[in-house]
1. Out of region 385-406, which residues are in contact (Cβ under 8 Å) with a residue 40 or more places away in the chain and closer than 18 Å to residue 428 by Cβ?
2. Is it the case that region 255-272 has a residue that's within 15 Å of ligand 3 (Cβ to nearest atom), crowded, with 19+ Cβ neighbours inside 10 Å and among the aliphatic types (A, V, I, L, M)?
3. Could you list, in sequence order, the residues of region 354-364 that are open to solvent by less than 60 Å² (accessible area, probe 1.4 Å) and either in contact (Cβ under 8 Å) with a residue 60 or more places away in the chain or more than 16 Å from ligand 4 (Cβ to nearest atom) (or both)?
4. Sort out which residues of region 490-510 are touching a residue at least 40 places away in the same chain (Cβ under 8 Å), outside any strand (DSSP E or B), under 11 Å from the mean Cα position of the chain (by Cα) and buried (at least 24 other Cβ atoms within 10 Å of the Cβ), and write them in order of number.
5. What number of residues within region 184-215 are open to solvent by 20 Å² or more (accessible area, probe 1.4 Å), within 23 Å of residue 150 (Cβ to Cβ) and either of a type outside the set (Ser, Thr, Tyr) or more than 16 Å from ligand 2 (Cβ to nearest atom) (or both)?
6. Any residue in region 35-58 that is at negative phi and in the same structural domain as residue 8 (by TED's automatic domain parsing) sitting within a Cβ distance under 7 Å of a residue that is hydroxyl-bearing (Ser, Thr, Tyr) and open to solvent by 40 Å² or more (accessible area, probe 1.4 Å)? List the pairs, counting only those 6 or more apart or interchain.
7. Can you name every one of the helices (runs of 4 or more DSSP H) wholly within region 267-381 that holds 3 or more residues which are among the hydroxyl-bearing types (Ser, Thr, Tyr) and more than 30 Å from residue 424 (Cα to Cα)?
Amino acid sequence: MLSNTEVAQKLLEIRTLMEMAGESFYKYMAYEKAAASVENAPPMADLVAAGEHVKLPGVGKSIGAAIEQLVKTARCQQLDELHQRFPPSLLEVLGVSGIGTKTAALLFTEYGIASLQDLENAIAAGTLAGVPRLGNKTIENWRRGILAYRGRQKRTPLPIALTIAREAMDYVREGPPLERLLFAGSLRRCEVTVGDIDLVCTSALAAEVVAHFAAWPRAQAVLAEGPTKASIWLPGGLQIDLRVLPDHLYGNLLQHFTGSREHNIKLREHAVRASLRVSENGILNLETGDVITCTEESRVYAALGMQYIPPELRSGLDEIDLARAGAIPELVESTDLRGDFHMHTTWSDGDDTLDAMIAAAAARGYEYHAISDHSQGRARRFGLDPRKVLEQRAEIEALGDRFGVRTLCASEVDILPDGSLDFDDSVLAELDVVIGSVHVATRQSREEMTARLIRACENPYVTILGHPTGRRFDATMGYEFDYDAVFAAAAQTGTALEIDGQAARLDLPAPLARRAKTFGVTFSLDSDAHRTGDLAAIDFAVGQARRAGLTKADVLNAQPLEYVRAFVARKREAA
Ligand code: DGT
Ligand code: CA
Ligand code: CA
Ligand code: ZN
């Protein structure tokens, strides 16, 4: 059964294909109007069942018949006929700026180009060169348009974007002299994925800096290049924008390009009430004509009569009201962390030895950390059985304080399908900290998964619920459960919820962590490192925590070891 939105999308597809087929404006626009009606109507399945769909504005007999077929079978005669003429894959070509329905139809009928990939191949092979009506400039624009389209389709995970941004910044610094350089946009706001990378820079030699940037050998194409800005595309379609202004505008520039768009709109609305206009070029007083320029970003907010708002909170929610009331929370920082509860060694699936991981944790200046190798699992090849757990504990105890950090004995224990744990209580009781994680049977129903996670929270030995949603960037969508019910259980039982900083996870995501906080949940920010080099991934967990508005007090591993021990003991004693 198609939803209203899906029916509307099909009607719009008919509209576009009709235009391609050369139908009259009035004919195809009727489908566009009908699509808008459907979008705003009560559920179409009900209307069709009652025969009332034909009464919707803009829906007559023939469109009504199409809607009825779509609702019932997800197909309709009009669309089937149009697909005989034009393949559905051709629609993607319309996503390229500069290509309209006429051009797409021509490309298909005359050159057999049926998809974006076909077009890309034809351009690369030079097949379209020399075609009258298609100048070289048009084809070059299409080539760029395809890259931009691909880039728009695909958002890049934050950890990958951050690495690339740092490499681009290193390259920019090798060029003409500059004052300050930083990434802005969604990357600076620590969004889980970014659409593109925005770099802001101050220099007296803007044009030279821009030219150097545009010549980065890693760029596959240069979009706009002007005296103060340029955009490049990397292979795969990731875009990087650079903007260069004089140094006395650094604060304005950084504020402007950090966004979010929603935040900036609200900020400008607030400013206008005080007759101020905010832009990257300064704050203009509309009454006096004076311009306030800000060398530091905090001055922008001060000039607008509010507290500084950290980038992670600039989402356009309530942060401006909070800042005006002086009520922006003091967000947790990386330097607040005294430890990390989640890391693996060669005892299970890690790449580095126990000694190496402990030394690396000590080198980060932690007061304490936990080694949390996997439990045996259901025939997991690399997991530890109870005997191995005790063996590892003996080894950790033998090391004592050799590395200058307190190593806690932990385990990342599988939460089994029924919510029980992979180890008996007698084994769990030997551990300082227990992380319970779902790794198997992830396709349970929402109800089963909810009950499973609640049961895990109710287990007196579960200190932390690991990567609570199970989602990953690669493909895994995570499992469904009733978030509120599990957050309430975590708060009530004194179970910490993890924000796992591993590049592929970032789980809990910030919006859910923000929600969990309203239940009074305690959080654990962890690296889930499988090698020494990944301990720094804990910073991504901090980024998500900050986006969620978490403070030091919300975070278990921002507390001293005695507090952690008491947190664990309280839950075990309550049982
Ligand atoms: P993204 O790239 O989709 O992950 O999200 P952002 O927030 O990085 O968006 P982006 O790259 O389009 O623009 C960066 C920031 O620049 C945006 O958050 C707000 C600010 N900005 C202000 N005015 C404009 C404008 O006219 N165009 C664009 N593109 N950005 C603007
Ligand atoms: Ca961006
Ligand atoms: Ca951008
Ligand atoms: Zn793990």
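The values are calculated or read from the model by the stated rules, or taken from the named source; none is laboratory data. It should be emphasised that the depicted structure is a prediction, and the values quoted were computed from it without experimental measurement. Methodologically, a virtual Cβ is constructed for each residue, glycine included, from the backbone with ideal geometry; neighbour enumeration extends over all protein chains shown. We work out accessible area using only protein heavy atoms, side chains counted, and drop any ligands, DNA or RNA first. Shrake-Rupley method; radii C 1.70, N 1.55, O 1.52, S 1.80 Å.
1. Once the filter is applied, which keeps residues that are in contact (Cβ under 8 Å) with a residue 40 or more places away in the chain and closer than 18 Å to residue 428 by Cβ, region 385-406 yields 386, 388, 389, 390, 392, 396.
2. No, every residue in region 255-272 fails to be within 15 Å of ligand 3 (Cβ to nearest atom), crowded, with 19+ Cβ neighbours inside 10 Å and among the aliphatic types (A, V, I, L, M).
3. First, the residues of region 354-364 that are open to solvent by less than 60 Å² (accessible area, probe 1.4 Å): 354-362.
Within region 354-364, 355, 356, 357, 358, 359, 360, 361, 362 meet the criteria.
4. Within region 490-510, just 506 meets the criteria.
5. Final tally of qualifying residues: 6.
6. 39/5
7. Details: elements: 297-303, 319-324, 354-363.
Because the criterion is at least 3 residues that are among the hydroxyl-bearing types (Ser, Thr, Tyr) and more than 30 Å from residue 424 (Cα to Cα), no helices (runs of 4 or more DSSP H) in region 267-381 meet it.
Residue by residue, here is whether (1) touching a strand residue (DSSP E or B) at 6+ places or on another chain (Cβ under 6 Å); (2) more than 16 Å from ligand 3 (Cβ to nearest atom); (3) more than 22 Å from residue 297 (Cβ to Cβ); (4) among the polar types (S, T, N, Q) holds:
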position: 143; (1), (2), (3), (4): no, yes, yes, no
position: 151; (1), (2), (3), (4): yes, no, yes, no
position: 157; (1), (2), (3), (4): yes, yes, yes, no
position: 164; (1), (2), (3), (4): no, no, yes, no
position: 170; (1), (2), (3), (4): no, yes, yes, no
position: 187; (1), (2), (3), (4): yes, no, no, no
position: 198; (1), (2), (3), (4): yes, no, no, no
